1. Residue 5 to residue 176: extension gain in nm, 0.36 nm per residue of separation minus the Cα-Cα distance?
2. At 1.4 Å probe size, what's the solvent-accessible area of residue 16? Round to the nearest 10 Å².
3. With all protein chains present, calculate the accessible area of residue 70 using a 1.4 Å probe and round the result to the nearest 10 Å².
4. Please give the solvent-accessible surface of residue 161 in Å², to the nearest 10, using a probe radius of 1.4 Å with every protein chain present.
Amino acid sequence: LRGIYTSRVTVVIAPDGCGKSTLVREFTSRTRPAGISLRTITGAGNTGECFAQICAIVTGQEFAAARPKKPLLIIVDCDCAACTALGNYRTAKLLRDCRCARFVFVSSAMKPAYRGLAHEMGFTLIERDSLSMNISEVMEYAGRCGISFNAREAYSACRGSFLGTRLCLMLAQRGENFQNRTYQPP
């Protein structure tokens, strides 16, 4: 997720219950640079409503009286996030042409047809097979949480999964042993 502040569009896709929303929320709460405005869309019921909310935020930012303009990060975390991001040309064109904001879409699924549209619009899709972290990311996450523990053992116990790492951090913070516990991904 480190690129969300510089990439125009980021799409986070993983099955339900993998911790996508938690990951994005916790990451932005710990890493958001000073001066970046954050807006979140969570309650859109369909792609039209979601698109309208995005447009309202973008339009409000473009015509805001504040000078200089603050960089804007819009997180779309609703059931229609992927459809809104890549389901129609109108939205993709807005995302491609919008210069005042960066976008993060959180979704449980991506239809194969969206990949073609993403390619056509010049978006780069970086796929990971799970929401997992490498050993240096586990150590960085522990440091940001202010927890001192053996990151290599935690990484080994949960194979780098975000939720497993979080569980190890919570246990370590409470002084409990996580080393002999096994984590079973959902």
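1. Separation in residues times 0.36 nm, less the Cα-Cα distance, equals 58.0 nm.
2. Counting only protein heavy atoms, residue 16 exposes about 120 Å² to solvent.
3. Accessible area of residue 70: about 110 Å².
4. Here the accessible area works out near 20 Å².
The values are calculated or read from the model by the stated rules, or taken from the named source; none is laboratory data. Model, not experiment: these values are computed from the prediction. The area values use the complete protein model at the heavy-atom level, side chains included, leaving out ligands, DNA and RNA. Shrake-Rupley method; radii C 1.70, N 1.55, O 1.52, S 1.80 Å.
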